[in-house]
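Any read-out appearing in this document is the output of simple, stated calculations on the displayed coordinates, not a laboratory observation. None of these values were measured; they are calculated from a predicted model. Positions of Cβ are generated from backbone atoms using ideal geometry, with glycine treated the same way; all protein chains shown enter the neighbour counts.
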Amino acid sequence: MGIGDRLKEERERLGFSQTEFSAVAGASKNSQYNYEKGDRSPDANYLAAVADKGVDILYVVTGERKPQAADSIPAEVLEFIGMYEQVTDADREVLMRMASAFASVAAASGKKVGN
């Protein structure tokens, strides 16, 4: 399986048509067709654009899947990260100070994570 096949597989996994995907990547539909057919190779700008939409670029280029750390992260941690990403930089600083204070108290009392 070549780069074109893997690119098509990723496009389909994400639910895009060729036309939609080419628009997201800033390429023509003809270019998208040629990439998937294996007649041309996408450039770095194209790959960066589709990576923003969730394409596993390591897989497309090498055939190896990128490890998915999110699979091992508890749901409540992912939820917290999602909230963290939505707040202002000033509020992030407050959250970091609070988390640091809670961690210091837990460490001082000998409490372990999950207790």
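Tabulated data for the structure shown
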read-out	value
Ranking of R11, R92, R97 by count of other Cβ atoms within 10 Å, fewest first	R97, R92, R11
Test item: Cα-centred dipole of the chain, Lys/Arg +1 and Asp/Glu -1 on Cβ, debye	200 debye
Highest-MSF residue in the chain out of D89, D52, D43 [GNM, Cα springs under 10 Å]	D89
Candidate values (1) 143; (2) 108; (3) 173, label of the one derived for volume of the Cα convex hull per residue in Å³	(1)
Kyte-Doolittle mean at least -0.5, axial Cα span of 18 Å or more - DSSP H helices of the chain	89-109
Over the chain: helical MRE at 222 nm, DSSP H runs n ≥ 4 each giving -39500 (n - 2.57), nearest 500	-19500 deg cm²/dmol
For the stretch 54-109, fraction of C-alpha pairs farther apart than 14 Å, in %	71 percent
Gaussian network model of the chain, springs between alpha carbon atoms under 10 Å - residue of T19, T88, T62 with greatest fluctuation	T88
Separation of the A107 and A23 label points, Cα + 7 Å toward Cβ, nm	5.1 nm
The chain: most fluctuating residue of Y35, Y59, Y84 per GNM, C-alpha cutoff 10 Å	Y84
Top positive-direction residue, dipole computed over the chain with Cβ charges, set Q18, F80, P42	F80
Inter-site label distance for N45 and A90 at 7 Å from Cα along Cβ, in nm	3.8 nm
Dipole magnitude of the stretch 3-62, debye to nearest 20 (Cβ charges: Lys/Arg +1, Asp/Glu -1, about Cα centre)	100 debye
